[in-house]
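The next block holds one structure in the form of structure tokens; read it before the comments.
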Amino acid sequence: MVGFKNRYMVMEVFLDPNRDLLAVDPIIITQFNVSKAIKDSLLENFGECGLASSLGSFQVKYVNPITKLCIIRASREEYQKVWSATTMVRSIGNCPVLFNLLDLSGSIKACKNAALKCDELKFEQHKLVVGANLTAEVNQQMQNCLEKIKTLEH
């Protein structure tokens, strides 16, 4: 018997490109609102049947609200549909967004490694942009997110 095959996508979320980089984010990216935006896009672009076929293993496994990185799981048969629906998401709430695929893998282990590497690089970039305004709370929140990636399971 063959196990159920999934694909894992590491994606970055770009918030409104017209906003000031030092301004407070207009929306906090969470697993719930990313999942809802993708499901809405699946329904709009592929209909009820497309949404239903994709929901079998669809899950937003991880979201980092600081670096705007997320990991999305989809079945091997449906990942292209989920990927295209994610690409067609134009807003979360009332905030314009764009999704960019950084890595696609067939195992959670490979995905974790890619996400850790991307998260660390993006946080270093975030620290440079924010500079002296970086709070201990944000630093602790980032450490918690990195620990959460390391504990991801199927």
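The values are calculated or read from the model by the stated rules, or taken from the named source; none is laboratory data. This structure is a prediction, so every number in the text was calculated from the model and none was measured. Please note: Cβ atoms are built from the backbone with ideal geometry, for glycine as well, and neighbour counts cover all protein chains shown. Ligands, DNA and RNA are excluded from the accessible area calculation, which covers all protein heavy atoms including side chains. Shrake-Rupley method; radii C 1.70, N 1.55, O 1.52, S 1.80 Å.
Among the candidates A85, A52, single out the residue that is assigned to a helix (DSSP H, G or I) and open to solvent by 40 Å² or more (accessible area, probe 1.4 Å). Steps first, please.
Details: A85 fails: open to solvent by 40 Å² or more (accessible area, probe 1.4 Å).
The unique qualifying residue is A52.
Determine whether V129 is out of contact with any Gly (no Cβ under 9 Å at 6 or more places or on another chain), under 15 Å from Y8 (Cβ atoms) and assigned to a helix (DSSP H, G or I). Step through it out loud before you land on a result.
Values: out of contact with any Gly (no Cβ under 9 Å at 6 or more places or on another chain): yes; under 15 Å from Y8 (Cβ atoms): no; assigned to a helix (DSSP H, G or I): yes.
Judged against the criteria, V129 is not a match.
Sort through N100, N6, N64, N33 and tell me the only one that's open to solvent by 40 Å² or more (accessible area, probe 1.4 Å) and touching a residue at least 40 places away in the same chain (Cβ under 8 Å). Explain how you work it out, then say what you get.
Working: N6 fails: open to solvent by 40 Å² or more (accessible area, probe 1.4 Å); N64 fails: open to solvent by 40 Å² or more (accessible area, probe 1.4 Å); N33 fails: open to solvent by 40 Å² or more (accessible area, probe 1.4 Å).
Residue meeting the stated conditions: N100.
Going by the structure shown, is R90 of a type outside the set (S, T, N, Q), loosely packed, with under 15 Cβ neighbours inside 10 Å and in contact with a strand residue (DSSP E or B) (Cβ under 7 Å, 6 or more places away or on another chain)? Walk me through how you get there before you give the answer.
Values: of a type outside the set (S, T, N, Q): yes; loosely packed, with under 15 Cβ neighbours inside 10 Å: yes; in contact with a strand residue (DSSP E or B) (Cβ under 7 Å, 6 or more places away or on another chain): yes.
Criteria met by R90.
Find the residue count for the stretch 92-110, including only residues that are under 17 Å from K68 (Cβ atoms) and either under 14 Å from the mean Cα position of the chain (by Cα) or in a helix (DSSP H, G or I) (or both).
Residues flagged as under 17 Å from K68 (Cβ atoms) and either under 14 Å from the mean Cα position of the chain (by Cα) or in a helix (DSSP H, G or I) (or both) within the stretch 92-110 amount to 8.
Identify all residues within the stretch 127-154 that are of a type in the set (S, T, Y) and open to solvent by less than 70 Å² (accessible area, probe 1.4 Å); write none if there are none. Break it down stepwise before answering.
Initially, the stretch 127-154 is screened for residues of a type in the set (S, T, Y), giving 135, 151.
Once the filter is applied, which keeps residues that are of a type in the set (S, T, Y) and open to solvent by less than 70 Å² (accessible area, probe 1.4 Å), the stretch 127-154 yields only T135.
Within the stretch 103-126, track down each residue that is more than 17 Å from L152 (Cα to Cα) and exposed (fewer than 15 other Cβ atoms within 10 Å of the Cβ). Lay out the reasoning, then the answer.
Quick first cut of the stretch 103-126, residues more than 17 Å from L152 (Cα to Cα) only: 121-126.
Within the stretch 103-126, L121, E124, Q125 meet the criteria.
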